1. Using the structure shown, list the pairs from Lys273/Lys333; Lys245/Lys342; Lys172/Lys245 with a Cα-Cα distance above 30 Å, or answer none.
2. With +1 on each Lys and Arg Cβ and -1 on each Asp and Glu Cβ, how big is the dipole of the stretch 226-342 about its Cα centre, in debye rounded to the nearest 20?
3. Using alpha carbons only, what's the Rg to Rh ratio of the stretch 226-342 with Rh from Kirkwood?
4. What list do you get for Glu169, Glu186, Glu71 if you sort them by fewest beta carbons within 10 Å?
5. Expressed as a fraction of 2.2 N^0.38 Å, the rule-of-thumb size for a compact globular protein of N residues, what is the C-alpha radius of gyration of the stretch 168-310?
6. For Trp49, Trp129, Trp315, what ranking results if the residue with the fewest other Cβ atoms within 10 Å of its Cβ goes first?
7. What does the extension gain come out to for Arg182 and Val323, with contour length at 0.36 nm per residue minus their alpha carbon separation?
8. Taking the Cα centre of the stretch 227-292 as the origin, how large is its charge dipole in debye, to the nearest 20, when only Lys and Arg (+1) and Asp and Glu (-1) carry charge on their Cβ atoms?
Amino acid sequence: MVRKLLKRITVCAMTAAMCVGMLVPMQAQAAKESDVVGTWSNIYNSDMWVTFNPDGTAPDMFDDTHYYYMEPGNITVTYCDYNGEYRTENISYDLWDGVMAGGGEPDSFDTADYRNIYQLVGDNYMRSWNLFWGTDADGNACLYAYYNEKMGDGRYRGESGKKSREEIEAEKKMEAELAEMRKAMEQASRESVRLEGLAADEGFVNGAQMQDAQSMGMSSGEYYNNAVVTTEGIENAIPVGQGGKLVIEGRETNVCATLSKAPLFVDSVRAAKEGTLLNVVDVQFPAKEAIVNFYMPGIAVTDAIAAAQYVDGAWTDVEVVEVRADHVVLNLKSNGVVAFLKK
């Protein structure tokens with residue numbers, strides 16, 4: 001359950017809301033299959049990859065196999081960039097892959113419940129955006145996504161003819177973006193040197209992570225394990241962490257919930273609900289509803305566990321899907337503060 005820095009970045013990016021834009025067919029000719037067939041890996045993390053096979057399948061590092069389609073288009077989205085800032089822009093793509101909510105091959109881009117779009121940029125490079133359905137803070141239907149840049153190994157761009165002016169300009173733009181990213185990282189590194197001494201004493205890798213944890217009132221152990229171990233006002237609190245993959249709209253996903261402390265709600269739930277209060281946590285995930293498996297060491301299958309969520313100023317009972325040794329599974333109808341009680 002140790003949360004690495006890469007996972008932390010992915011969670012940030014996956015929670016960026018992408019409202020659906022109108023799909024407009026591209027005027028340019030679609031890319032050829034020979035331009036993309038083969039394996040592409042992330043230029044920053046080779047453990048993240050996708051393979052485009054000649055038979056139309058696209059397996060990836062999660063052992064998922066999607067179908068891909070050489071169908072260009074463009075869509076207006078808002079996504080989280082490398083600096084954690086949100087930006088809206090129109091993105092054109094050359095191909096896409098996806099799956100239906102219940103598995104299987106989608107009929108079209110619009111019927112795919114989970115999808116990825118890919119944009120070829122210069123020789124051996126492509127950009128990709130992972131999209132999936134959710135709702136924004138106002139309850140409107142939106143696409144959530146995260147943004148990666150990926151590249152191939154040189155075998156997968158077809159004939160190596162002379163580059164067009166558009167390809168050269170695209171490569172220059174990518175180089176400029178990477179240069180800006182390196183500059184930002186250098187500035188962040190200088191600041192982290194100042195904080196490293198303090199961070200090391202508290203068990204953190206760097207000052208930025210220490211500040212992030214402090215803003216949530218979490219220790220280094222809680223921060224790196226995505227868990228709430230202690231809560232002010234609750235003696236002998238049962239630690240709470242994520243205990244398994246989230247189930248969203250009936251499908252097991254690789255989405256992670258983010259857990260943080262919520263001590264201000266301790267007195268409120270005790271006044272509203274009967275039973276021994278085990279812990280209170282703030283649960284956030286990039287979807288409207290989800291079935292969440294919580295790891296709670298010490299819980300027995302025979303324990304009578306109840307749960308409640310703070311919604312619109314009142315505590316509402318939550319469906320307990322399952323209780324087993326060290327685990328409590330809840331059906332959450334929204335993000336927010338959740339309390340665990342033992343009757």
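Each reported figure results from applying straightforward, stated rules to the coordinates on display, with no laboratory input. Here the structure is a predicted model, which means the values were calculated and not measured. All Cβ positions, even for glycine, are placed from backbone atoms using ideal geometry, and neighbour counts span all protein chains on display.
1. Working: Lys273/Lys333 19 Å; Lys245/Lys342 24 Å; Lys172/Lys245 40 Å.
Going by Cα-Cα distance, Lys172/Lys245 fall outside the 30 Å limit.
2. Details: 9 positive and 14 negative charges, 33 e Å.
The calculated dipole for the stretch 226-342 is roughly 160 debye.
3. Details: Rg = 12.9 Å, Rh = 14.0 Å.
Across the stretch 226-342, the Cα-based Rg/Rh ratio is 0.92.
4. Working: Glu169 12, Glu186 9, Glu71 15.
With the fewest neighbours first, Glu169, Glu186, Glu71 line up as Glu186, Glu169, Glu71.
5. Values: Rg = 20.1 Å, N = 143, 2.2 N^0.38 = 14.5 Å.
Here the answer is 1.38, to two decimals.
6. Values: Trp49 14, Trp129 22, Trp315 17.
Fewest to most other Cβ atoms nearby, the residues stand as Trp49, Trp315, Trp129.
7. Details: separation 141, 0.36 × 141 = 50.76 nm, distance 4.75 nm.
Stretched out fully, the Arg182 to Val323 stretch lengthens by 46.0 nm.
8. Working: 6 positive and 8 negative charges, 30 e Å.
Magnitude of the dipole: close to 140 debye.
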